[in-house]
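Visitor: Have a look at the structure that comes next, please.
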Amino acid sequence: MDRGSKELLACKSISKRKLRTPVDVEDVRREVAIMRHLPRSASIVTLREACEDEGAVHLVMELCEGGELFDRIVARGHYTERAAAAVTRTIVEVVQLCHHHGVIHRDLKPENFLFANKKENSPLKAIDFGLSIFFKPGEKFSEIVGSPYYMAPEVLKRNYGPEIDIWSAGVILYILLCGVPPFWAETEQGVAQAILRGNIDFKREPWPHVSDNAKDLVRQMLQPDPKIRLTAKQVLGKMYIVSIHGFKMPRKLQMFLLETL
């Protein structure tokens, strides 16, 4: 609790016994550095303080009491198109903010988004930057990180950049709309093979009843070639995201976006 404001806070404690190598220590330092580097956003959990004692490193953050996005998906089965668009917009806005400030999240998944409170319209916030990394334009990485279902094919090929976050957001959108991941198998190796094959199932329920705009956006976010995969800005300009929020885009703006995307 903040003694001044009486606000309840959350504390993520990392045992020093788990920080056995210099790499482990550097990972924690990088997580703190990234959370301090990113500007304050309503869609990212705020780091209030970082400190350590003999036994652990402690990250004090704002408290989110609404539970994980994952749990709400499980409870609902799947989201309506309007609700899925709202969640996707928040996730991709986080991606856009990260990329603009030279950060790749590298572990986007429903478990890493928390609702601020238990209300239906609660703000959604990104958490856990433990696998995130700073990057420079054109820089490529080879370390395989992240959660199997959400990994982009180029991660498995050990040659990737910030585009992987859009892929992961596309996987989340697919799950929001139908309740199951697009690439599934009983083993991690099987999941990896399914991702590399890249076959997306739009035949099972409820996909025949999902709009073409939504399906097209999923396809474009799950484009196997990162060079032509949508950017965060392009996703946020798509009609599925824009129109679902009750905003009718002027014709001139539509044409401008088409010319610049």
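The values are calculated or read from the model by the stated rules, or taken from the named source; none is laboratory data. The model shown is predicted, which means the values in this text are computed figures rather than measured ones. Cβ: placed from backbone, ideal geometry, glycine included. Neighbour counts: every protein chain shown.
Visitor: Applying the selection to the range 36-54, what residues are assigned to a strand (DSSP E or B) and free of Cβ contacts under 8 Å to residues at least 60 places away in the same chain?
Guide: Once the filter is applied, which keeps residues that are assigned to a strand (DSSP E or B) and free of Cβ contacts under 8 Å to residues at least 60 places away in the same chain, the range 36-54 yields Leu47, Arg48, Glu49, Ala50, Cys51, Glu52.
Visitor: Could you grab me the full set of residues in the range 108-165 that are at positive phi and either under 16 Å from the mean Cα position of the chain (by Cα) or without any contact (Cβ under 8 Å) to a residue 12 or more places away in the chain (or both)?
Guide: Within the range 108-165, the first condition is being at positive phi, and the residues that meet it are 128, 138, 146, 158.
Within the range 108-165, Asp128, Gly146 meet the criteria.
Visitor: For the structure I just gave you, tell me whether Ser168 is closer than 28 Å to Arg30 by Cβ and surrounded by 20 or more Cβ atoms within 10 Å (Cβ to Cβ).
Guide: Numbers: closer than 28 Å to Arg30 by Cβ: yes; surrounded by 20 or more Cβ atoms within 10 Å (Cβ to Cβ): yes.
Considered against the rule, which asks whether it is closer than 28 Å to Arg30 by Cβ and surrounded by 20 or more Cβ atoms within 10 Å (Cβ to Cβ), Ser168 comes out as yes.
Visitor: Which is under 19 Å from Val145 (Cβ atoms), aliphatic (A, V, I, L, M) and surrounded by fewer than 17 Cβ atoms within 10 Å (Cβ to Cβ), of Val103, Val95, Val28, Val23? Show your work before the answer.
Guide: Details: Val103 fails: surrounded by fewer than 17 Cβ atoms within 10 Å (Cβ to Cβ); Val95 fails: surrounded by fewer than 17 Cβ atoms within 10 Å (Cβ to Cβ); Val28 fails: surrounded by fewer than 17 Cβ atoms within 10 Å (Cβ to Cβ).
Among Val103, Val95, Val28, Val23, only Val23 is under 19 Å from Val145 (Cβ atoms), aliphatic (A, V, I, L, M) and surrounded by fewer than 17 Cβ atoms within 10 Å (Cβ to Cβ).
Visitor: Follow-up. Consider the range 8-20. How many of its residues are more than 17 Å from Leu131 (Cα to Cα) and surrounded by 15 or more Cβ atoms within 10 Å (Cβ to Cβ)?
Guide: Number of matching residues: 2.
Visitor: Within the set of pairs 6 or more residues apart or between chains, which connect a residue that is touching a residue at least 60 places away in the same chain (Cβ under 8 Å) and in a helix (DSSP H, G or I) inside the range 168-196 to a residue that is acidic (Asp, Glu) and loosely packed, with under 15 Cβ neighbours inside 10 Å with Cβ atoms less than 9 Å apart?
Guide: The qualifying pairs are Cys178/Asp201; Cys178/Glu205.
Visitor: I would also like to ask the following. For Arg89, state whether it is more than 16 Å from Val180 (Cα to Cα), charged (D, E, K, R), under 15 Å from the mean Cα position of the chain (by Cα) and not in a helix (DSSP H, G or I).
Guide: Spelling it out, it is not the case that Arg89 is more than 16 Å from Val180 (Cα to Cα), charged (D, E, K, R), under 15 Å from the mean Cα position of the chain (by Cα) and not in a helix (DSSP H, G or I).
Visitor: So which of Arg89, Arg30 is under 20 Å from Lys233 (Cα atoms) and in contact (Cβ under 8 Å) with a residue 60 or more places away in the chain? Reasoning before the result, please.
Guide: Values: Arg30 fails: under 20 Å from Lys233 (Cα atoms).
Going through Arg89, Arg30 in turn, just one is under 20 Å from Lys233 (Cα atoms) and in contact (Cβ under 8 Å) with a residue 60 or more places away in the chain: Arg89.
Visitor: Among the numbered criteria (1) in contact with a Gly (Cβ under 9 Å, 6 or more places away or on another chain); (2) more than 21 Å from Arg219 (Cα to Cα); (3) of a type in the set (Phe, Trp, Tyr); (4) at pLDDT below 95, which single criterion is violated by Phe141?
Guide: (4)
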